[in-house]
Each structure stands twice: as structure tokens, then as C-alpha cells.
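Let me begin by presenting the structure, written as C-alpha cells, before commenting on it.
The values are calculated or read from the model by the stated rules, or taken from the named source; none is laboratory data. From a predicted model like this one, the values you see are computed outputs, not experimental measurements. Ideal geometry is used to build each Cβ from the backbone, glycine not excepted, and the neighbour counts take in all protein chains shown. Side chains are part of the model used for accessible areas, which takes the heavy atoms of the whole protein and leaves out ligands, DNA and RNA. Shrake-Rupley method; radii C 1.70, N 1.55, O 1.52, S 1.80 Å.
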Amino acid sequence: MPQTPAISIVTTVYDAKEYLPRTVQSILAQTFTDFELLLVEDGSPNGCGELCDELAKTDPRIRVFHKPNGGPASAANVGLDNARGGYIGFVDSDDLIEPDMYERLYNAIQATGARIAACVGDAIDEQDAPIAGRDVSLRVYGVRDAEDLLLETFQTGSFYGPLSWNKLFDIRTFRDKGVRYDETMFFGDDASVLHLVFEGERAACLPDVLYHYRTRRGQMTDAATFPPRKLDDLRMYWDWLQYFAARPGAAEHYRWAVAWYWKVLYLFWCMAGTAGNQAALRGAFEPHCQHLKALLPDLLRSRCVPPLEKLRAVLFSLDPDAAYRLAAAWGRAAGGKKPKK
């Protein structure tokens with residue numbers, strides 16, 4: 001295998017023994033063959049490390065790194081540190097990719113001169129069957145200002161932009177800027193630094209479904225629960241908001257970031273209430289409640305927030321419990337069981 005492959009593909013591995021062989025097979029089947037696959041085993045207790053070593057025997061392009069458990073961001077950083085390619089991509093250890101994914105993304109970068117390329121992703125279940133309505137898509141495709149992908153997240157909730165796994169990056173967008181994944185993040189770990197990666201960059205955005213992300217029953221992103229670490233996402237959105245507040249010429253991004261931060265804060269508060277751990281998480285929510293109070297003047301002036309949402313934000317900033325009780329009562333009166341989110 002060449003010492004400097006064109007692409008380094010990083011797969012961090014933890015508790016994915018059942019799915020990893022299929023994931024690796026889908027990577028090795030790429031029509032673009034000039035790549036290395038870095039399997040970073042993050043101290044998984046269920047035999048994943050041994051499986052990685054066995055898989056490495058099947059193809060010389062596979063390199064395995066074993067490390068003590070430190071979370072997905074720390075494992076991704078091992079991949080960044082050891083990647084030898086000029087471009088880097090990330091594939092989760094239980095997901096699948098189309099055979100031409102990296103050929104399409106690499107060609108898009110070469111054709112446009114952009115240093116980032118991205119594609120649409122859709123969801124699959126444990127049996128690889130599609131899950132309808134879970135596509136990671138975009139309103140407008142083509143070559144875009146990369147930071148506008150975050151703006152679309154604030155405007156529509158699209159996660160096409162703030163993901164690492166549906167993209168191919170010129171590795172210099174990380175290394176030249178000194179960007180590493182935030183190892184204190186568990187949720188949002190693949191997205192939390194992308195505002196820095198995107199700075200000054202263009203992205204070639206493809207409308208093609210080339211990535212299939214798996215949703216497993218009982219996994220940490222299950223909407224029926226609210227894990228405390230889910231608040232990492234809210235910390236990430238706060239960081240993005242502060243970034244755009246300080247960035248010249250980013251007033252529109254900031255206005256929408258304020259609207260999105262309030263929307264997610266209220267959504268998470270309601271989700272925690274439904275899950276029954278709202279009281280236990282009160283201290284973790286408190287800094288964000290204080291952030292909301294500081295943002296309230298900008299939120300009330302914003303054309304990005306509907307009038308009723310402004311009223312709700314005022315009530316929430318005064319008394320989150322009263323706002324939640326009122327929403328719950330409204331939901332019951334309307335025939336529902338959950339607060340409006």
C-alpha cells in the first residue's frame with residue numbers, strides 16, 4: 001500500500017462488533033481504491049479490538065489503533081493524528097456507504113476547487129432497511145459557502161452541514177487551522193468544531209444519497225429518553241452562537257443562531273420533563289437559562305422568532321417550570337399528552 005494514499009478513512013470502534021464487518025466491507029468495496037482505513041478501537045470491552053485485528057489481516061489498507069476508552073472525539077483525534085492521506089473522511093462503525101461515495105466526493109473536490117465535499121445521508125434500521133423521513137438533506141445543492149451550511153441548520157434543522165460522516169475534507173482544513181475534536185463532548189462530538197473547519201471554505205454539496213446511518217433500538221440518541229450528556233449539543237450551539245456573534249459580517253448567522261439556541265433549549269427542557277429527569281438536570285440547565293436571559297433583548301428584536309415564541313421565551317426566562325406547566329396544560333386541553341415542543 002502506498003505510504004501516502006489519497007484518502008484516509010477513519011472509523012472509531014466501540015461496541016459495534018455485530019455491525020463492524022459489514023461497515024468495513026462497504027468501505028473496502030469503494031470504487032476509489034487509493035485509500036487507507038484507520039480502525040481506532042476505543043477500549044471496547046466486547047471483543048471489538050480482536051475483531052479489528054482480524055479484519056486488518058484481510059486487506060493491507062487497514063491500519064488498527066488500540067487505545068483506552070476516552071470517547072468518540074478522542075478516538076477521532078487518533079485518526080486525525082495518524083492519517084497519511086491528503087483528504088480525510090469518517091465512517092461510523094455501524095453505518096454503510098455506497099460503493100462510489102468517496103469517488104464521487106473526491107471528484108467533486110477536484111472539479112470545483114472546494115476543499116470540502118458532502119452528500120445526502122439516509123437512515124437504516126438494524127436489518128439495513130430504510131427508515132422513512134430521516135434523510136440528512138439540504139435545500140440547495142452545488143458549491144456553497146461552508147458556513148452557510150450551519151445557517152441552514154439554524155433555519156430548518158437540517159444536519160447536512162454539521163456532521164463529519166457525510167463529508168470528505170482536505171485534511172489541511174483541520175491541520176493548518178489546528179482543529180481537533182473536542183474530547184469533552186460525547187454528543188455532537190463530530191460537529192462541535194466544524195465551524196472552525198468551515199471558516200473561509202467552500203463546500204461542494206451533492207444531492208446524492210451515498211451514506212446510510214444506522215439507528216439502533218435503545219441507542220443513546222433514542223428520542224424516548226433524555227441522557228444527561230445530550231446537553232453537550234446545547235453547549236455546542238452556544239459555542240456556535242458566540243462564534244458568529246464575534247465574526248464580522250455574520251449578523252444573519254447570529255440572528256438565526258439565537259433563534260435556534262432558544263428552540264433547542266426549550267425542546268430539551270420539555271424532553272427532560274417527558275423523560276422524568278428534568279429536576280435532576282436542573283443544575284446542568286441553569287447556565288443555559290442564564291444565557292437565555294442575556295440573549296432575551298436580541299431574541300425579542302429578532303425577525304427570526306415568531307411572536308408567540310417570543311412570549312414563551314419571556315415566560316421561560318422568568319420561570320421555566322411555569323412555562324412547562326402551561327405548555328403541558330395546553331397540550332392536555334388540545335387532546336395531547338406532551339407539552340408542545
Query raised in the report: Only one of these conditions is not met by PRO287: (1) touching a Phe, Trp or Tyr at 6+ places or on another chain (Cβ under 9 Å); (2) closer than 19 Å to MET185 by Cα; (3) open to solvent by 20 Å² or more (accessible area, probe 1.4 Å); (4) modelled with pLDDT under 95. Which number is it?
Result: (4)
Report summary line: Every listed condition ((1) over 24 Å from ASN107 (Cβ atoms); (2) buried (at least 19 other Cβ atoms within 10 Å of the Cβ); (3) at pLDDT 95 or above; (4) not polar (S, T, N, Q)) holds for ALA191 save (3)
Requested in this report: Specify which of the listed residues (THR4, THR31, THR12) is touching a helix residue (DSSP H, G or I) at 6+ places or on another chain (Cβ under 6 Å), surrounded by fewer than 23 Cβ atoms within 10 Å (Cβ to Cβ) and touching a residue at least 12 places away in the same chain (Cβ under 8 Å).
Outcome: THR31
Report task. Collect the residues in the stretch 178-211 that are within 24 Å of THR23 (Cβ to Cβ), aromatic (Phe, Trp, Tyr) and either touching a Pro at 6+ places or on another chain (Cβ under 7 Å) or in contact (Cβ under 8 Å) with a residue 60 or more places away in the chain (or both), keeping them in residue-number order. Result -> TYR181, PHE186, TYR211
**Report entry** Matching residues, the stretch 97-115, being within 23 Å of ARG134 (Cβ to Cβ) and open to solvent by less than 50 Å² (accessible area, probe 1.4 Å)
**Finding:** ILE97, ASP100, MET101, TYR102, LEU105
Report task. Select from the stretch 141-183 the residues that are farther than 19 Å from TRP260 by Cβ and hydrophobic (A, V, I, L, M, F, W, C) and write down the one among them that is nearest to the chain's Cα centre (by Cα). Result -> TRP165
**Report entry** the stretch 15-28, subset modelled with pLDDT under 95 and under 13 Å from ARG214 (Cβ atoms), residue surrounded by the most Cβ atoms within 10 Å (Cβ to Cβ)
**Finding:** ALA16
Report summary line: Screening VAL120, VAL64 for residues that are open to solvent by less than 10 Å² (accessible area, probe 1.4 Å), at pLDDT 95 or above and over 19 Å from VAL197 (Cβ atoms) leaves only VAL120
Report summary line: How many residues of the stretch 81-98 are closer than 28 Å to GLU126 by Cβ and small (Gly, Ala, Ser)? The answer is 2
Report summary line: Taking the stretch 57-101 and keeping only residues that are touching a Leu at 6+ places or on another chain (Cβ under 7 Å), hydroxyl-bearing (Ser, Thr, Tyr) and under 22 Å from THR184 (Cα atoms), one is left with SER93
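Yes or no, residue by residue, for (1) in contact with a Phe, Trp or Tyr (Cβ under 6 Å, 6 or more places away or on another chain); (2) modelled with pLDDT of 95 or more:
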{"residue": "TRP165", "(1), (2)": "yes, yes"}
{"residue": "PHE174", "(1), (2)": "no, yes"}
{"residue": "ARG180", "(1), (2)": "no, yes"}
{"residue": "PHE186", "(1), (2)": "no, no"}
{"residue": "TYR211", "(1), (2)": "no, yes"}
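Identify, from the list LEU295, LEU315, LEU300, LEU308, the residue that is open to solvent by less than 20 Å² (accessible area, probe 1.4 Å), out of contact with any His (no Cβ under 9 Å at 6 or more places or on another chain), assigned to a helix (DSSP H, G or I) and not charged (D, E, K, R). Break it down into steps so the answer makes sense when it comes.
Details: LEU315 fails: open to solvent by less than 20 Å² (accessible area, probe 1.4 Å); LEU300 fails: open to solvent by less than 20 Å² (accessible area, probe 1.4 Å); LEU308 fails: open to solvent by less than 20 Å² (accessible area, probe 1.4 Å).
Just one listed residue meets the conditions, LEU295.
Residues checked against (1) open to solvent by 20 Å² or more (accessible area, probe 1.4 Å); (2) over 23 Å from ILE131 (Cα atoms):
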residue	(1), (2)
TYR213	yes, no
THR225	yes, no
LEU231	no, yes
ALA245	yes, yes
ALA251	yes, yes
TRP262	no, yes
MET271	yes, no
LEU281	no, yes
